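The values are calculated or read from the model by the stated rules, or taken from the named source; none is laboratory data. Predicted model only: the values in this text are computed from it and were never measured. Note that we place each Cβ from the backbone using ideal geometry, even for glycine, and neighbour counts take in every protein chain shown. Areas reflect the complete protein model, heavy atoms only, side chains present, ligands, DNA and RNA absent. Shrake-Rupley method; radii C 1.70, N 1.55, O 1.52, S 1.80 Å.
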Protein chains: 2
Amino acid sequence: VTTAAIQGVRGSFSHAAAIDASDEDVEVVECRTFEDLFDAVAAGRADRGVVPVENSLAGAVQRNMDLLLEHDLHVVAEAQVRVRLCLAARPGTALEGVERVASHPVALEQCRAFFRAKPGLEPVAAFDTAGSIKELMTGESLYDAAIGSSLAASLYGASVLATDLEDDPGNYTRFLIVAGEPGSEAVAGAKTSLVFSVRHEPGSLHAALGVLAAYGVDLTRLESRPIPGRPWEYRFYADIRGATAGRQRAALEALGGVVEEVRVLGRYQERVRAGVTAGT
Amino acid sequence: VTTAAIQGVRGSFSHAAAIDASDEDVEVVECRTFEDLFDAVAAGRADRGVVPVENSLAGAVQRNMDLLLEHDLHVVAEAQVRVRLCLAARPGTALEGVERVASHPVALEQCRAFFRAKPGLEPVAAFDTAGSIKELMTGESLYDAAIGSSLAASLYGASVLATDLEDDPGNYTRFLIVAGEPGSEAVAGAKTSLVFSVRHEPGSLHAALGVLAAYGVDLTRLESRPIPGRPWEYRFYADIRGATAGRQRAALEALGGVVEEVRVLGRYQERVRAGVTAGT
């Protein structure tokens, strides 16, 4: 058994990712916020933390990129979950009786066609997908239905009134799994996540990417984030793969010579398959 | 008088940006969603649309980057607004009597120190800052106070119980102003916003940035967004400045030869000063 900290409650897509990323049985440690999640892993209250970093439709989970930098944890694995959204309600509720539908704003935004087809339904912002289903089932909620995974619906005993609400079936969330210690060298390799900032001068980003290109490593993702206190300056999160682990290390050493600062967040095995589908 | 479409209601930071970006008096056209805003400008119901694209702390307003690409509008100006957040309540309410505080999740997240210092306050997610203040003043709200601009507080007759709630005074939002037609050549220049995608092969982004560097234009922003239907492939939003307008055009023509596709969103004058401070 391994313990995995997730933000939110059981039944979330993070829960599904925790299962996907582990060869062992997973015991979930529920955290209210992502800050709490990072703290739980840092303090050893969980073996690993499950951090959603990007969705194939919505893009980067921006705040979590910042948290990776603010903490000294190590990325040891990645996971992907296909986001399938269903409409959950209390048993006995008919679809016609539903008026207010709660979920996280991002999930609501990903069900536009569903809401267009049912103009009588009012979307209600909540902090959480699985949490909105859980709250619905406690009977204190201010809404009649909630959108989340069918895993959450089944865990909390809700009825599923409609499935596959998401506009686009190509809806995947990618997670980075963090731990207090780096992954073992035997497991590590293949892929590296890093953060770097460049000098505030023309051509500096081009020069940085030139180093990676020269070493034959492939940039699979480049994401900019603002630097607090320096409006309109940015740092870059990059995922690289290809060449050998040694070659990647050499590339990162060379990168250090042309950028302002660089930090390796972790090395891990690339997850090429599309991962599990939550709740199916 | 010019008409400017904004998402949300009067008193929002978009409203402040509309005032900042215009030499004329501004009449606001309130839109429920950003989609509605783009439609209002495309249909001529407003002269211009005010689109927040990035915040110096929270980063890109991701969905709006996508909308710029999905519509055929032209960026004709930029604006910046310093985000100063205040706690608004119904007249007669004391700070001690406040239990639930509503605002947009991003605004709530930017007031962490305030909520830490007052653990009795419960944050409540809303779709809007100014809208949460407006709703509070109609008396139907499920909260006692709301966080937004002092402009909104004064427009809706709310009392301001606390000011400068934002954690970081370096909190600016940058807006792009869109219109149905490009800006006049006399006004245009200085800065260009564009979107490009690169071939899915190693070194392709580096090659694209190399063209810009070779022409001596400066990249002030590079933001990646997922390409729908192609999980883990991205397009890039770039803002460039420097050199001459003619040189920028030549650079973009050359860029077309090395990328998969490129589209100019608009040319406009750079706004170097920090812009207005909403509501002060």
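Residues in region A:255-278 that are at pLDDT 90 or above and either within 14 Å of another protein chain (Cβ to nearest Cβ) or open to solvent by less than 30 Å² (accessible area, probe 1.4 Å) (or both): A:Leu255, A:Val258, A:Val259, A:Leu265, A:Gly266, A:Tyr268. A residue that is surrounded by fewer than 16 Cβ atoms within 10 Å (Cβ to Cβ), farther than 25 Å from B:Gly170 by Cα and modelled with pLDDT of 95 or more cannot be found anywhere in region B:46-68.
Restricting to region A:29-45, name every residue that is among the small types (Gly, Ala, Ser) and either out of contact with any Leu (no Cβ under 8 Å at 6 or more places or on another chain) or within 14 Å of another protein chain (Cβ to nearest Cβ) (or both). Walk me through it before giving the result.
Pass one, region A:29-45, residues among the small types (Gly, Ala, Ser): A:40, A:42-44.
Once the filter is applied, which keeps residues that are among the small types (Gly, Ala, Ser) and either out of contact with any Leu (no Cβ under 8 Å at 6 or more places or on another chain) or within 14 Å of another protein chain (Cβ to nearest Cβ) (or both), region A:29-45 yields A:Ala40, A:Ala43, A:Gly44.
When each of B:Val41, B:Val1, B:Val28, B:Val9 is tested for being buried (at least 19 other Cβ atoms within 10 Å of the Cβ) and either without any contact (Cβ under 8 Å) to a residue 60 or more places away in the chain or under 18 Å from B:Asn55 (Cα atoms) (or both), the lone residue that passes is B:Val28.
The single residue among B:Ser22, B:Ser14 that is part of a helix (DSSP H, G or I) and under 20 Å from B:Ala130 (Cβ atoms) turns out to be B:Ser14.
Scoring A:Ala243 on the criteria (1) hydrophobic (A, V, I, L, M, F, W, C); (2) within 30 Å of A:Ile147 (Cβ to Cβ); (3) open to solvent by 30 Å² or more (accessible area, probe 1.4 Å) leaves a single failure, condition (2).
Contact map, region A:211-235: first residue farther than 18 Å from B:Gln62 by Cα, second residue among the β-branched types (Val, Ile, Thr) and surrounded by fewer than 20 Cβ atoms within 10 Å (Cβ to Cβ), Cβ cut-off under 7 Å, separation 6 or more or different chains; pairs are A:Val211/A:Val258. Among the residues of region B:221-240, just one is hydroxyl-bearing (Ser, Thr, Tyr) and either more than 8 Å from chain A (Cβ to nearest Cβ) or surrounded by fewer than 18 Cβ atoms within 10 Å (Cβ to Cβ) (or both), namely B:Tyr237. Checked against the criterion of being modelled with pLDDT of 95 or more, open to solvent by 20 Å² or more (accessible area, probe 1.4 Å) and out of contact with any Gly (no Cβ under 6 Å at 6 or more places or on another chain), the candidates A:His71, A:His104 yield just one match: A:His71. Of the strands (runs of 3 or more DSSP E) lying entirely inside region A:49-133, those containing at least 1 residues that are farther than 19 Å from A:Asp167 by Cα and more than 13 Å from chain B (Cβ to nearest Cβ) are A:74-82, A:86-89. Residues that are hydroxyl-bearing (Ser, Thr, Tyr), part of a loop (DSSP other than H, G, I, E, B) and away from chain B (no Cβ under 14 Å) within region A:136-187 comprise A:Ser149, A:Thr163, A:Ser184, listed in sequence order.
Checking the conditions here, which among B:Gly203, B:Gly246 is modelled with pLDDT under 95 and within 7 Å of chain A (Cβ to nearest Cβ)? Among B:Gly203, B:Gly246, only B:Gly203 is modelled with pLDDT under 95 and within 7 Å of chain A (Cβ to nearest Cβ). Here are some residues: A:Asp128, A:Asp167. Which one is under 21 Å from A:Pro52 (Cβ atoms), touching a Cys at 6+ places or on another chain (Cβ under 8 Å) and open to solvent by 20 Å² or more (accessible area, probe 1.4 Å)? Unique residue meeting the criteria: A:Asp167.
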